[in-house]
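Structure first, commentary second.
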Amino acid sequence: MYIANAQQMREIDRRAIEEWGIPGMVLMENAAKAVVSELTRIIRDPAPILILAGKGNNGGDGLAIARHLQIIGYAPVVYLFADPQDLAGDALHNYSLYAKMNGKLREVKPDTRCNKTFEEFCCDLWRSAAVVDALYGTGFSGDLPPWIRRFTESVNSVHTTPLTIVAVDIPSGLDAQRGRAAEGAVRAHVTVTFGLPKIGHVLEQGPSHTGRLVVDRISLPDHVIDAQNIHTHLLTVDRVREFLPQRPRGGHKGTHGCGLIVGGSTGMSGAVILAGCGALRSGIGLVQIVSPPGIASLVDAGLVEATVWPAGSFIATDTDLLKAAVFDKSRVGMNTGETLNTGETLNTGDTLDSQAWSVIAERLPHAQACAVGPGLKQPPEFMEVLHRLLRETHIPLILDADALNLLSSNMDMLEERRALGPEKRPLILTPHPGEMSRLCQVSIAEVQSNRLELATRKAQEWNAVVVLKGANTVIASPLGTLAINTTGNSGLGTGGTGDVLTGSLLAWLAQGVPSFHAACLAVYLHGRSADHLAMTHGAYGFTAGEVAEGLCKAQQELIFLNEYNGRPA
């Protein structure tokens, strides 16, 4: 599903009216009917409905809603935050129609008389079964005027009655461009939006103010929307299920892809284990792991389905020789009885270093995708290996966690891979906001306030798919396509869930899914798994391992919908 910014939506409305010839009143009537349909579905029996209307088209929608509600027996009362003489066009026409029906309406003005009106408003608020917010539309930005904020805050403060708050198009006080909420912005339970979802619904504070989002096309033609050439998509089950690879009935582990995971360190063996679990639960045929010898046995025991390849080194010293009698030679591949000679390079270590390249290079020809970074820490000696991976590998390469932190200290390493283009050497970067701030050398606050723009710009600059993680993860391709994910919840804010995501992404790449689609698929299913856990286990407290286990169920939903053409979740 496309997702529009405010300017794109205004242009769609303009073209529908001026070029396609759909009267604005028709669009407003359709919008009103969409809201009334949702209201009557929630509140089945006629009841008092409080409507806050502004002076623009959003207020015109509110007046049309009031008229339709009154016709079917509900008891609407409109609080108009404008002088009727300031109304124009379709909003004025709907005001006149509502007045002719003797509809109940009170004017709210920013003067001393507002105190009495506010008292009346509070009484009506407590009597109402629902509030319809039609104050401001997608053109809002900045701050709510204090005299209006007084009313919206009162709406937000009602918790003791079963009051339903329904926003028209977008909650008043929410910026449709960025999702920033002004002080006192309406916190809706349901938002009925028109044509397309708006970016502000899903970014920053948008979800907490939007509530459940209902999208109604209000008769806007497909070709008018398509003409806008929108490149931003909202990930839905309909969209994502198209990305699932077709698995032949006679497929086997060799045809389902092999992925290579490079990472791990002492104390961080769980990271590569979780990444491997994420890959296996996403249908990969084979998982290979290159990790330091000091944790290889732990990784091997923790993920018995994978093959584990120890790699790393240190130079033996005289002190080491004194410890040789108690040295655990099995950890470094030595046989009991072998001696440890001064100056000898042996794989013992707690982290990967430059000597890991030989083992990685040996495994790469067997893999269709490679992920680097889970549990890696930041050994300076590994920088050379990271550079060679970027320069010499042709298979899709994922950089995550500390691989990104190492990269941030020398962004020039991207140059050679970037020059060849994403088609020949696909690259996927999966930063959280802190890692993105280091990669871009900006503050985390700047990352969070410009997620779409920054991800889009850097994906093109780095010639890489950028998966900017967080609440509603953003996925940007180097070709300018953007996707916003809405699955997932705060329960994902626990250690190891990012590693599971990396493993899932590795699996889809190894199965031949193109980089951008693989990222969309992994992010959506990862969040969907967490949503299932939140419903069955509670909002938080589930573990990264449980998220990995739940990937199978999330994936099965898509397969079921593909095979049986079910309805989107």
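The values are calculated or read from the model by the stated rules, or taken from the named source; none is laboratory data. Treat the numbers as computed from the prediction; the structure is a model and nothing was measured. Positions of Cβ are generated from backbone atoms using ideal geometry, with glycine treated the same way; all protein chains shown enter the neighbour counts. The area values use the complete protein model at the heavy-atom level, side chains included, leaving out ligands, DNA and RNA. Shrake-Rupley method; radii C 1.70, N 1.55, O 1.52, S 1.80 Å.
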Next item on the list: Return yes or no: is Phe194 among the aromatic types (Phe, Trp, Tyr), touching a residue at least 40 places away in the same chain (Cβ under 8 Å) and open to solvent by 10 Å² or more (accessible area, probe 1.4 Å)?
Entry: yes
Notebook entry, point to check: What tally of residues in region 107-128 results from selecting those that are in contact with a strand residue (DSSP E or B) (Cβ under 7 Å, 6 or more places away or on another chain), open to solvent by 60 Å² or more (accessible area, probe 1.4 Å) and closer than 30 Å to Lys198 by Cβ?
Noted result: 1
Checklist line | Residue check for Leu340: part of a loop (DSSP other than H, G, I, E, B), at pLDDT below 95, under 19 Å from Gly503 (Cβ atoms) and not aromatic (Phe, Trp, Tyr) | finding: no
Next item on the list: Run down Val272, Val308 and say which single residue is farther than 29 Å from Asn472 by Cβ, aliphatic (A, V, I, L, M), touching an Asp or Glu at 6+ places or on another chain (Cβ under 8 Å) and not in a loop (DSSP other than H, G, I, E, B).
Entry: Val308
Next item on the list: Kindly provide the set of residues from region 5-58 that are among the small types (Gly, Ala, Ser), closer than 16 Å to Gly139 by Cα and not in a helix (DSSP H, G or I), ordered by number.
Entry: Ala53, Gly54, Gly56
Next item on the list: Just give me the residues in region 365-386 being buried (at least 19 other Cβ atoms within 10 Å of the Cβ) and in a helix (DSSP H, G or I), in sequence order.
Entry: Phe382, Val385, Leu386
Check: Only one residue in Gly137, Gly184, Gly200, Gly179 is free of Cβ contacts under 8 Å to residues at least 60 places away in the same chain and either crowded, with 23+ Cβ neighbours inside 10 Å or in contact with a Cys (Cβ under 6 Å, 6 or more places away or on another chain) (or both). Which one?
Finding: Gly179
Check: How many of the residues making up region 509-529 are open to solvent by less than 20 Å² (accessible area, probe 1.4 Å) and more than 22 Å from Met1 (Cα to Cα)?
Finding: 2
Checklist line | Test: residue in region 430-451 that is in a helix (DSSP H, G or I), of a type in the set (D, E, K, R), within 29 Å of Ile273 (Cα to Cα) and at pLDDT below 95 | finding: no
Checklist line | In region 221-256, the residues that are open to solvent by 50 Å² or more (accessible area, probe 1.4 Å) and of a type in the set (Ser, Thr, Tyr) | finding: Thr255
Margin query: Considering only residues that are surrounded by fewer than 24 Cβ atoms within 10 Å (Cβ to Cβ), in contact with a Gly (Cβ under 6 Å, 6 or more places away or on another chain) and aliphatic (A, V, I, L, M), which ones fall in region 258-288?
Written below: Met268
Checklist line | Restricting region 174-212 to residues that are in contact with a Pro (Cβ under 9 Å, 6 or more places away or on another chain) and assigned to a loop (DSSP other than H, G, I, E, B), the residue that is farthest from Ala4 (Cα to Cα) | finding: Gly184
Item checked: Residue under evaluation Val131, criteria (1) of a type in the set (Val, Ile, Thr); (2) open to solvent by less than 10 Å² (accessible area, probe 1.4 Å); (3) part of a helix (DSSP H, G or I), criterion not met -> (3)
